[in-house]
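Below is one structure, written out as structure tokens; comments come after it.
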Amino acid sequence: MPFAFCTREKRWCEFAEPVDGESTQFLQELAQKYNMVIVNPILERDVNHGETIWNTAVVIGNNGNIIGIHRKNHIPRVGDFNESTYYMEGNTGHPVFETAYGKIGVNICYGRHHPLNWLAFGLNGAEIVFNPSATVGELSEPMWPIEARNAAIANSYFVGSINRVGTEVFPNPFTSGDGKPQHADFGHFYGSSHFSAPDASCTPSLSRYRDGLAISDMDLNLCRQIKDKWAFRMTARYDMYASLLSEYLKPDFKPQVIVDPLINKRA
Ligand SMILES: NC(=O)NCCC(=O)O
């Protein structure tokens with residue numbers, strides 16, 4: 001489907017489909033035929049819950065079976081990414097799917113800006129986290145080579161960064177409350193898909209302008225080897241952060257700031 005969430009027009013909901021809908025069925029056949037695990041990002045319509053719309057990744061096993069789903073946790077409210085008009089934050093947590101080829105998680109698009117989102121897939125044992133994205137150059141390109149690579153290092157797993165390629169123009173111009181004149185062009189989806197590894201290595205990126213297929217070997221033993229070497233999990237001090245977060249969530253939270261009693265002395 002077009003990445004039409006910029007428009008806020010509800011007609012694009014017509015593209016929504018159930019988890020086992022047309023696109024999943026199409027990919028189920030391919031998964032079985034080619035012995036592949038496939039991540040299928042869809043606009044999900046949940047008919048059992050009042051037609052709720054979600055941004056969902058369906059994970060299909062190499063026997064063509066649906067292993068499970070993950071719903072996007074963090075919904076952007078930036079630039080033309082008016083996705084909150086269509087769906088709410090996901091309710092599936094941070095599932096890791098144990099497949100024939102490894103334990104995989106899916107951090108959907110804007111979730112890559114949230115280090116705790118990456119962490120949670122790691123805590124659940126992910127060996128590869130895929131980040132299917134639709135993002136444009138003007139907004140996020142400077143961040144693109146950094147965030148996933150950093151997540152791979154910090155969490156001792158591989159990351160697959162996947163981005164849409166090309167430009168989309170919509171029938172009706174839209175605005176996004178950012179002072180820019182109305183426009184119908186969403187901007188350039190800059191592709192640049194690649195894989196990052198826990199040892200900080202990274203594959204070359206695919207093109208910014210053409211569709212492509214990235215094929216990469218991944219030795220999943222590297223996840224454990226890097227954990228043994230760097231011990232990030234063992235040195236992480238989760239207890240300290242858990243207690244800070246639980247304090248932070250309280251309405252009467254006071255930031256731990258110690259003011260220099262002499263701060264104004266030279267004024
Ligand atoms: N689709 C989506 O979540 N895009 C947000 C933009 C970004 O995170 O770069």
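The values are calculated or read from the model by the stated rules, or taken from the named source; none is laboratory data. Remember, it's a predicted structure, so these values are computed and weren't measured experimentally. In this analysis, Cβ positions are derived from the backbone assuming ideal geometry, glycine residues included, and neighbour counts consider all displayed protein chains. The protein model used for the area step is the full one, side chains on, heavy atoms only, and it has no ligands, DNA or RNA in it. Shrake-Rupley method; radii C 1.70, N 1.55, O 1.52, S 1.80 Å.
Brief remarks on what is shown
- When residues of region 123-147 are limited to those that are part of a strand (DSSP E or B) and either within 19 Å of Cys202 (Cα to Cα) or among the basic types (Lys, Arg) (or both), the one nearest to the chain's Cα centre (by Cα): Asn131
- Output for region 138-160, where each listed residue is among the hydroxyl-bearing types (Ser, Thr, Tyr) and more than 13 Å from the ligand (Cβ to nearest atom): Ser156, Tyr157
- When Ile66 is tested against (1) on the phi < 0 side of the Ramachandran plot; (2) open to solvent by less than 30 Å² (accessible area, probe 1.4 Å); (3) away from the ligand (no atom under 14 Å from the Cβ), exactly one condition is not met: (2).
- Here Ile42 does not qualify as assigned to a strand (DSSP E or B), open to solvent by 50 Å² or more (accessible area, probe 1.4 Å) and free of Cβ contacts under 8 Å to residues at least 40 places away in the same chain.
- Residues of region 97-117 satisfying the condition of being within 9 Å of the ligand (Cβ to nearest atom) and open to solvent by less than 20 Å² (accessible area, probe 1.4 Å): Ile108, Cys109, Gly111, Arg112
- Test: Ala120 is open to solvent by less than 40 Å² (accessible area, probe 1.4 Å), hydrophobic (A, V, I, L, M, F, W, C), in a loop (DSSP other than H, G, I, E, B) and within 20 Å of Phe158 (Cα to Cα): no
- Residues satisfying the stated conditions in region 225-242, i.e. of a type in the set (S, T, N, Q) and loosely packed, with under 12 Cβ neighbours inside 10 Å: Thr235
- Tally of residues being free of Cβ contacts under 8 Å to residues at least 12 places away in the same chain and either over 18 Å from Ile153 (Cβ atoms) or among the hydroxyl-bearing types (Ser, Thr, Tyr) (or both) across region 205-243: 10
- Enumeration of residues in region 76-96 that are under 13 Å from the mean Cα position of the chain (by Cα), open to solvent by 10 Å² or more (accessible area, probe 1.4 Å) and within 16 Å of the ligand (Cβ to nearest atom): Glu89, Gly90
- Pairs, first at positive phi in region 26-39, second open to solvent by less than 100 Å² (accessible area, probe 1.4 Å), C-beta under 6 Å, six or more apart: Asn35/Asn62
- Apart from one condition, Lys72 fits all of (1) more than 15 Å from the ligand (Cβ to nearest atom); (2) crowded, with 19+ Cβ neighbours inside 10 Å; the exception is (1).
- Among the conditions (1) among the polar types (S, T, N, Q); (2) out of contact with any His (no Cβ under 6 Å at 6 or more places or on another chain); (3) open to solvent by 40 Å² or more (accessible area, probe 1.4 Å), the only one that Ser205 does not satisfy is (2).
- Cβ-Cβ distances below 6 Å connect the following pairs, each with a first residue in region 2-18 that is polar (S, T, N, Q), a second residue that is within 16 Å of the ligand (Cβ to nearest atom), and a separation of six or more residues or different chains: Thr7/Phe170; Thr7/Phe174.
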